[in-house]
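Chemist: Before I ask anything, let me first share the structure, which is written out below as structure tokens.
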């Protein structure tokens, strides 16, 4: 598996004040990384400059400039979503941080450094990072120090970190716009009713939105029209089994297991932020798992090495001609059964026909299922 060098452009939203009722305090702290194949940066900058000049004239591509003009933001996001970059974000709900240690700003930032670093460098060991030198430097200064202490560049590890200015760097401006947009999806002080629409527009570009602390209960998609279709027991079990697998294998270095973890994270993201009722198309999953590779994985690889192996590990994944999803109701389970039946029984029928033809040709002298490993098949057909 060939891995390309990546460059991340990071921006942040919010502050460390845990008293979210205080004036000026954000309800969330968000760190967003715009990740780009290093060799694609020049072309991406050209396309970004075109979008910037059309929507901002001589100004910068900034979320704050758009503010609460949701229609304008959606037009910009629709154009940005066509470009070749990806987004990873950590979204901290400060109201849920109950530990006394987080009351200290240094402890709050230190834990965030660990969280963001672990997520980024676990996947991109040769990552180069840039941040706005005139932004809020409390988080970023500490992050620079943390990265340099834990990822000293050597012959094999080329991790690097640098400051640049948003005025001169269009990708820093892009990170600002994406992070500011996600703030309008989560932070109570600026949240928009169009937040879910923003995420849906960006879904092709989002690697993951990692909530922290993560709630250990099933995600719930608030849709009054579809609520009768939701089975809490099925949804809870499918989500919990997916999380158990991720928790157990997230740091595994085996490339196939990492693909399985990334696939599950994508299904969880789709469940929470897009819709728990819609199937994720096979091509979308292949594209997501293949990110940072020279060549996209095959459909056979997805089915045999990812989906099948996850099911072998007791993860429940529904499938149909429409794609894959984590089940939320009985219909999803029957979709899986029906889809499996359409594959399994024709294959069994072909095996049985083959067996009968060989028995006929050998005058019952050779039963191809007459081996210890095929006893179950023999009993099934007999």
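Chemist: Going through 44, 112, 61 one at a time, which residue ends up being part of a helix (DSSP H, G or I), surrounded by 15 or more Cβ atoms within 10 Å (Cβ to Cβ), assigned by TED's automatic domain parsing to the domain that holds residue 150 and more than 19 Å from the chain's Cα centre (by Cα)?
Modeler: 44
Chemist: I'd like to know if the stretch 74-86 contains one or more residues that are buried (at least 16 other Cβ atoms within 10 Å of the Cβ), over 26 Å from the mean Cα position of the chain (by Cα) and more than 24 Å from residue 126 (Cα to Cα).
Modeler: For the stretch 74-86, residues buried (at least 16 other Cβ atoms within 10 Å of the Cβ), over 26 Å from the mean Cα position of the chain (by Cα) and more than 24 Å from residue 126 (Cα to Cα): absent.
Chemist: Same structure again: Give the number of residues within the stretch 250-261 that are surrounded by fewer than 16 Cβ atoms within 10 Å (Cβ to Cβ) and either free of Cβ contacts under 8 Å to residues at least 60 places away in the same chain or at positive phi (or both).
Modeler: Residues meeting the conditions: 4.
Chemist: Identify all residues within the stretch 70-105 that are out of contact with any helix residue (DSSP H, G or I) (no Cβ under 8 Å at 6 or more places or on another chain), in a helix (DSSP H, G or I) and free of Cβ contacts under 8 Å to residues at least 12 places away in the same chain; write none if there are none.
Modeler: Across the stretch 70-105, the qualifying residues are 71, 100.
Chemist: Ok, one more. Show the residue pairs that are 6+ apart or on different chains and have beta-carbon atoms under 6 Å apart, the first residue being within the stretch 121-132 and farther than 15 Å from residue 31 by Cβ, the second being at pLDDT below 75.
Modeler: Correct list of pairs: 126/158; 128/160.
Chemist: Looking for whichever is assigned by TED's automatic domain parsing to the domain that holds residue 238, more than 14 Å from residue 241 (Cα to Cα) and surrounded by fewer than 19 Cβ atoms within 10 Å (Cβ to Cβ) here; the options are 301, 324. Which one fits?
Modeler: Within the list 301, 324, the selection yields 301.
Chemist: Do you know which residues across the stretch 285-326 are within 15 Å of residue 238 (Cα to Cα) and either without any contact (Cβ under 8 Å) to a residue 12 or more places away in the chain or touching a strand residue (DSSP E or B) at 6+ places or on another chain (Cβ under 6 Å) (or both)?
Modeler: Listed by number, the residues that qualify are 311, 312, 317, 318, 324, 325.
Chemist: Could I ask something else about it? Of the numbered conditions (1) outside the structural domain of residue 235 (by TED's automatic domain parsing); (2) within 19 Å of the chain's Cα centre (by Cα), residue 339 fails exactly one; give the number of that condition.
Modeler: Condition (2) is where residue 339 drops out.
Chemist: How many residues are under 30 Å from residue 234 (Cβ atoms), loosely packed, with under 11 Cβ neighbours inside 10 Å and more than 39 Å from the chain's Cα centre (by Cα) if we restrict to the stretch 342-382?
Modeler: 1
Chemist: With (1) part of a helix (DSSP H, G or I); (2) touching a helix residue (DSSP H, G or I) at 6+ places or on another chain (Cβ under 7 Å); (3) modelled with pLDDT under 90 as the list, and residue 228 as the residue in question, which single condition is left unmet?
Modeler: All conditions pass for residue 228, except number (2).
Chemist: Turning to a different aspect of this structure: Being in a strand (DSSP E or B), under 30 Å from residue 37 (Cα atoms) and at pLDDT 90 or above narrows it down to one of 324, 300, so name that one.
Modeler: Criteria check complete, one pass: 324.
The values are calculated or read from the model by the stated rules, or taken from the named source; none is laboratory data. These numbers were taken from a predicted model, which means no experiment stands behind them. For neighbour counting, all protein chains shown are included, and Cβ atoms are generated from backbone atoms with ideal geometry for every residue, glycine included.
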